[in-house]
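All remarks here apply to the structure that follows.
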Amino acid sequence: MKPGVLIISHGSPAPAWVQLVDEAAGQLQLPDGCPVAVSFLEHVEGRLIQDGIDRLEETGATDLLVVPLFVSSGSTHVDEISYALGVKEVPEKATDLEPFRVRARVYFGTPIDHGPDVAAMVWEKVRGMSLQPEREVVLLVGHGSVHDGFRQRWERGMSSLAADVSAISGTACDYALLNPDSVRDKAESWSREKGYDVIVFPLFLSSGFFTAKVIPGRLEGLDYRYSGEALLPHPLLKIWMEQQISGLLRAAGKNGQY
């Protein structure tokens, strides 16, 4: 039996966005002979999910260890990808994504969501903007979802992450979603009503249109600190991916494959 690692993220038409994902994957330390393919849901021609599956199966991979490199379990993309890979029989939300051609057994990981390493990534990204932690709030801003069920997963994950960030930083920490939009209301509440300095962190995998345009647009005219820097690049993301892969290998072993 031969495992292959399939890392899947959303993708972007911006080469720099794709490069950051490739660089993070390129740092992985895996067992000798374990092939890795980095694939994208859209925008990156020749490197879509089916391309990654085909490349791994061409190397002889019999088991695909799939790492969904998305920031939240509330992403509808995670739902449709797991359906198209045959992990679930029916998607929770209707999708145009057709089932992939897969001969190998599929083991599907979990999105980033929250945890000590994720909190450390966030805090290290914003720590340089912190001047008086006891009077500051770190406001996590995520894409979110207007779809029932998915929105609640976004909220649960970001609430847990906010608690983790607050515990290690000494700041208050809260979250807001772009969909449904709560960003401006949350920032105004902390700043104008509670008197806190607001540090905004975009909970996105990599910087791009949402971090550069959408979030600042929602906050126009307000007083806040913001670098626009997202999770990548950060060395802890490599560790998070390796932990995912180790867990998937253990799951394959319990099923008698390793």
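The values are calculated or read from the model by the stated rules, or taken from the named source; none is laboratory data. Everything quoted here is computed from the prediction, not taken from an experiment. All Cβ positions, glycine included, derive from the backbone under ideal geometry; neighbour counts span all protein chains shown. These accessible areas exclude ligands, DNA and RNA; they are computed on the full protein's heavy atoms, side chains included. Shrake-Rupley method; radii C 1.70, N 1.55, O 1.52, S 1.80 Å.
The residues of region 1-150 present an accessible area of 45 Å² per residue when probed at 1.4 Å with all protein chains retained. Residues whose amide H falls under 5 Å from that of Phe70, counting only those 5 or more places apart or on a different chain, are Ile112, with hydrogens built in the peptide plane.
Annotation: peptides 62-72, 193-203, 84-94, ranked by per-residue average of other Cβ atoms within 10 Å with the highest first, follow the order 62-72, 193-203, 84-94. Averaging over all projection directions, the Cα-based convex hull of region 108-258 occupies 9.9 nm² in the image plane. Placing +1 on each Lys and Arg Cβ and -1 on each Asp and Glu Cβ, with no other charges, gives the chain a dipole about its Cα centre of roughly 340 debye. Placing a label point 7 Å from the Cα of Gln29 along the Cα-to-Cβ line, the residues of region 233-252 whose backbone N sits under 20 Å from it are 234-250.
Element breakdown for the chain at a 1.4 angstrom probe: carbon and sulfur atoms account for 49% of the accessible area. Computed with a 1.4 Å probe on the full set of protein chains, the accessible area for Lys238 sits at about 40 Å². Based on Cα contacts under 8 Å between residues 6+ apart, region 180-244 shows a relative contact order of 36 percent.
For the pair Arg127 and Ala251, the difference between a 0.36 nm per residue extended length and the Cα-Cα distance amounts to 41.0 nm.
Remark: region 123-258 carries a charge dipole of roughly 440 debye about the Cα centre, counting +1 on each Lys and Arg Cβ and -1 on each Asp and Glu Cβ.
Only helices reaching 27 angstrom along their own axis (Cα) with mean Kyte-Doolittle hydropathy no lower than -1.0 count here, and for the DSSP H runs of the chain these are 150-169, 235-254. How high is the relative contact order of region 142-257, in percent, with contacts defined as C-alpha pairs under 8 Å that are six or more residues apart? Taking the mean separation of contacting Cα pairs over the length of region 142-257, I get 21 percent. Between the C-alpha center of region 171-215 and that of region 12-55 there is a gap of 30 Å. Can you tell me how much longer the chain between Arg103 and Val87 gets when fully stretched, taken as 0.36 nm per residue apart minus their C-alpha distance, in nm with one decimal? Length gained between Arg103 and Val87: 4.5 nm. Each label was represented as a point 7 Å from its Cα along the Cα-to-Cβ direction; for Arg156 and Asp51 these points are 3.5 nm apart. Would you please state the base-10 log of I(q)/I(0) at q = 0.17, 0.28, 0.29 1/Å for region 186-238, with intensities from the Debye formula using one equal scatterer on every alpha carbon? Taken in order of the listed q values, log10 I(q)/I(0) reads -0.57, -1.07, -1.11.
Quick check on the chain: helices-only [θ] at 222 nm, where DSSP H runs of length 4 and up contribute -39,500 (n - 2.57) each and the sum goes over total residues. Nearest 500, please.
Taking each H run of at least 4 residues, the total per residue is -11000 deg cm²/dmol.
With an a/c value of 1.5 or above and a/b not larger than b/c for the gyration tensor axes a ≥ b ≥ c computed over the alpha-carbon atoms, region 9-67 is described as oblate.
Oblate is the label for region 149-205, because the ratio a/c of its alpha-carbon gyration tensor axes (a ≥ b ≥ c) is 1.5 or higher and a/b is not greater than b/c.
Using only the C-alpha atoms, the convex hull of region 1-137 corresponds to 144 Å³ per residue.
Using C-alpha pairs under 8 Å with a sequence gap of at least 6, the mean separation divided by the residue count of the chain gives a relative contact order of 20 percent.
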